[in-house]
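Visitor: Sharing a structure below in structure tokens format, with a few things to ask.
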Amino acid sequence: NCFSCCSSLTQITIPSSVTSIGDKCFWACRYLKQITIPSSLTSIGDECFYHCESLAQITIPSSLTSIGKKCFYFCYSLAEITIPSSVTSVGDKCFYHCESFAQITIPPSVTSIGKKCFAYCYSLAQVTINSASLQFGQKSFKKCKGLKTITVPKGLKLSKFQLPFRTK
């Protein structure tokens with residue numbers, strides 16, 4: 001919780017000596033708009049950017065292997081994020097209520113997406129999945145009212161429990 005609830009924090013640059021960001025590090029830093037993450041980072045803890053509602057964009061380095069649960073929970077302004085091909089798992093409710101998301105591409109390296117990972121991402125219109133062995137948690141896209149297109153590789157099946165709409 002080292003910077004938790006810092007209401008004056010608007011930007012931060014994390015030095016290259018840092019390899020992980022712990023749980024709830026920037027929890028409820030509501031005015032945090034910009035963060036520079038070094039290429040040395042390998043993990044982002046649970047609820048790290050929880051309720052950082054001003055955070056609009058973040059670049060995740062290619063050294064990262066996992067994104068913790070509820071990491072970007074209630075990041076209303078987060079409109080764009082690139083999951084690098086080094087990431088293998090995305091935690092439960094990771095992008096829950098990221099209402100500005102328009103699209104997301106899940107690289108082939110990701111083998112698991114936690115439950116309700118993209119729930120309530122109202123603006124999410126397009127999802128591209130590049131892994132035929134991806135395991136989704138239940139209600140992964142719950143209440144994604146704007147979701148129009150999900151592109152999946154041959155062989156991947158999504159159940160009615162993961163989709164916000166009925167399929168044919």
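The values are calculated or read from the model by the stated rules, or taken from the named source; none is laboratory data. Quick caveat: nothing in here was measured; it's all calculated off a predicted structure. Don't worry about glycine lacking a Cβ; one is built from the backbone with ideal geometry, like all the others, and counts go over all protein chains shown. Side chains included, ligands, DNA and RNA excluded: accessible areas come from the protein's heavy atoms. Shrake-Rupley method; radii C 1.70, N 1.55, O 1.52, S 1.80 Å.
Visitor: If we keep just the residues of region 66-87 that are within 15 Å of Trp27 (Cα to Cα) and charged (D, E, K, R), which is most open to solvent (accessible area, probe 1.4 Å)?
Guide: Among those residues, the one meeting the criterion is Lys69.
Visitor: Would you confirm, using the coordinates I've provided, whether Thr10 is hydroxyl-bearing (Ser, Thr, Tyr), open to solvent by 40 Å² or more (accessible area, probe 1.4 Å), modelled with pLDDT under 95 and out of contact with any helix residue (DSSP H, G or I) (no Cβ under 7 Å at 6 or more places or on another chain)?
Guide: Considered against the rule, which asks whether it is hydroxyl-bearing (Ser, Thr, Tyr), open to solvent by 40 Å² or more (accessible area, probe 1.4 Å), modelled with pLDDT under 95 and out of contact with any helix residue (DSSP H, G or I) (no Cβ under 7 Å at 6 or more places or on another chain), Thr10 comes out as no.
Visitor: Every residue in region 93-116 that is at pLDDT 95 or above and touching a strand residue (DSSP E or B) at 6+ places or on another chain (Cβ under 6 Å), please.
Guide: Result: Cys94, single match.
Visitor: Can you tell me which residue is nearest to the chain's Cα centre (by Cα) among those in region 1-54 that are in a strand (DSSP E or B) and of a type in the set (S, T, N, Q)?
Guide: Ranking the qualifying residues of region 1-54, first place goes to Ser43.
Visitor: Out of all the residues in region 62-97, which are more than 19 Å from Ser16 (Cβ to Cβ), assigned to a loop (DSSP other than H, G, I, E, B) and either small (Gly, Ala, Ser) or touching a residue at least 40 places away in the same chain (Cβ under 8 Å) (or both)?
Guide: Gly68, Lys69, Ser77, Ala79, Ser85, Gly91, Asp92
Visitor: Separate question: Within region 98-150, take every residue that is among the aliphatic types (A, V, I, L, M) and assigned to a loop (DSSP other than H, G, I, E, B) and give me the one that is farthest from Ala56 (Cα to Cα).
Guide: Ala132
Visitor: Those residues that are farther than 18 Å from Ser77 by Cβ and open to solvent by less than 50 Å² (accessible area, probe 1.4 Å), I need them from region 88-115; list them, please.
Guide: First, pick out the residues of region 88-115 that are farther than 18 Å from Ser77 by Cβ: 88-92, 105-115.
Scanning region 88-115 gives Ser89, Val90, Gly91, Ile106, Pro107, Ser109, Val110, Ser112, Ile113, Gly114.
Visitor: Related question: Under 7 Å between Cβ atoms, at least 6 apart or on separate chains: pull out the pairs that start in region 1-16 with a residue that is under 13 Å from Phe49 (Cβ atoms) and end on any residue that is of a type outside the set (A, V, I, L, M, F, W, C) and open to solvent by 80 Å² or more (accessible area, probe 1.4 Å).
Guide: Cβ pairs passing all conditions: Leu9/Tyr31.
Visitor: Return the total of residues in region 143-168 being within 21 Å of the chain's Cα centre (by Cα), at pLDDT below 85, within 19 Å of Asn130 (Cβ to Cβ) and open to solvent by 90 Å² or more (accessible area, probe 1.4 Å).
Guide: 0
Visitor: Are there any pairs, at least 6 apart or on different chains, whose C-beta atoms fall under 7 Å, with the first in region 35-61 and more than 19 Å from Ile104 (Cβ to Cβ) and the second modelled with pLDDT of 95 or more and of a type in the set (Asp, Glu), and if so, which?
Guide: Final answer for the pair search is Gly45/Asp23; Asp46/Asp23; Glu47/Asp23.
Visitor: On to the next question. Taking only region 55-65 into account, find how many residues are over 16 Å from Ser85 (Cα atoms) and open to solvent by 30 Å² or more (accessible area, probe 1.4 Å). Even if it seems obvious, please write down each step before you answer.
Guide: Filtering region 55-65 down to residues over 16 Å from Ser85 (Cα atoms) leaves 55-57.
Checking the rest, the ones that are also open to solvent by 30 Å² or more (accessible area, probe 1.4 Å) come to 56-57.
Within region 55-65, residues that are over 16 Å from Ser85 (Cα atoms) and open to solvent by 30 Å² or more (accessible area, probe 1.4 Å) number 2.
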